[in-house]
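Take a look at the structure set out below.
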Amino acid sequence: MNDSRKTHELVQKAYGDIARKQSSCCGPGPSCCGKSQPYTVPDHPVPEAELGLSCGNPLAFGYVNQGDVVLDLGSGAGKDVFLAAQKVGEAGRAIGVDMTPEMLELARKNAVKFFVNTGLANVEFRQGHIERLPVEDASVDLVISNCVINLSPDKPQVFREVYRALKSGGRMIVSDIVLNRPLSEASRTDAALYAACIAGALPRDQYLGAIRQAGFGKVQVLSDQAYKSSNACGDPAVSGSAGALEGAAASITVLAVKR
C-alpha cells in the first residue's frame, strides 16, 4: 500500500464500482466506514446522493455560516456538498473534489436534481486528488470530509493542503477512521480492508499529530465512536476479519482551526 499511484488506483476502482452500482458495498444497510448505521438525512434534497459511505456528520456541529465557501474532500455523489450548499445559501458556494470519474459524473447529475429541488445553483464538482487540491490558496472558509482522508496514501500532505486552501481563521471538520491499536500484518496489507476504510487508517495520536504539524490550532475531537464487529456489514473481506478488528478502530469527527 506504500505506492501512492497503486493506492489511488485501488481506491478509484473500488469507488468507481460503487458509483456504477449507485449504492455502497453494504447496500442500504450499515456503512463500510464503521458505523452501525450510516448517517442519513430524511429530508435530503437529493436522496440519490446517499450511498451509505459516511462515518460521521461533519456538518452537524454549527461551524458553517451563510455566505461561506465550503470544500468537501472526496465528495462522492455529493451528499454533504448539497447539505452544505443549503446552509451557505445563495451568497455562498459548496465545492466537491473527487478523483473518481464515475463519482463525479453521478454527482453532476445529482446537482441538476439539487437545482430543480432547491433553486440553488451554488454547487460545483472538480476532479482532483485531495493531496493536491484544485483550489487557490486561502480561498475556503470551511473544509469538510466524511470517511475519505483515511483512504489517502499521504494523510499529512492532505492536511497541509487543507491548511493552504483555508482562509485565516478557517475551519476544518472531518469525520474519519482512526486506529486505537495496531492491526495485524494480514489486515494492514488487505486491499479490501483498505478500500473499506480500515487498513489505511492511522493511529489516533498520529492522525491528530499530523493535523497539528500542518499548522492548525484548536484541534478538538467532537465525536468518538468505537468500531464494532457488527459494523462488518456482510462484506466477505471485512466480515472475515471482524473479530480481529473489534475495538481496533474508531470513527471520530475532528475540528481544527487555521491560525
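Key figures for this structure:
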| read-out | value |
| --- | --- |
| Members of the stretch 133-185 found to be among the basic types (Lys, Arg), over 20 Å from Thr7 (Cα atoms) and modelled with pLDDT of 95 or more, listed by number | Arg164, Lys167, Arg171 |
| Condition broken by Ala111, with the remaining ones in (1) modelled with pLDDT under 95; (2) over 27 Å from Ala192 (Cβ atoms); (3) not hydroxyl-bearing (Ser, Thr, Tyr) satisfied | (1) |
| Filter result (over 12 Å from the mean Cα position of the chain (by Cα) and either among the polar types (S, T, N, Q) or buried (at least 24 other Cβ atoms within 10 Å of the Cβ) (or both)) within the stretch 60-78 | Asn65, Gln66, Val70 |
| Options Gly76, Gly62, Gly67: the member that is small (Gly, Ala, Ser) and either part of a strand (DSSP E or B) or closer than 21 Å to His129 by Cα (or both) | Gly76 |
| Some residue of the stretch 31-46 being closer than 25 Å to Leu202 by Cα, among the hydrophobic types (A, V, I, L, M, F, W, C) and modelled with pLDDT under 75 | yes |
| Selection count where residues are surrounded by 17 or more Cβ atoms within 10 Å (Cβ to Cβ) and not in a helix (DSSP H, G or I), scope the stretch 79-99 | 8 |
| Residue within the stretch 221-232 that is modelled with pLDDT of 90 or more, surrounded by 13 or more Cβ atoms within 10 Å (Cβ to Cβ) and of a type in the set (A, V, I, L, M) present | yes |
| The listed residue being touching a strand residue (DSSP E or B) at 6+ places or on another chain (Cβ under 7 Å), closer than 29 Å to Lys258 by Cα and either modelled with pLDDT under 90 or of a type outside the set (A, V, I, L, M) (or both), out of Gly209, Gly200, Gly217 | Gly217 |
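The values are calculated or read from the model by the stated rules, or taken from the named source; none is laboratory data. Note that the coordinates shown come from a computational prediction; the quantities given were computed from them, not determined experimentally. Glycine also receives a Cβ, built like all others from the backbone with ideal geometry; neighbour counts cover every protein chain displayed.
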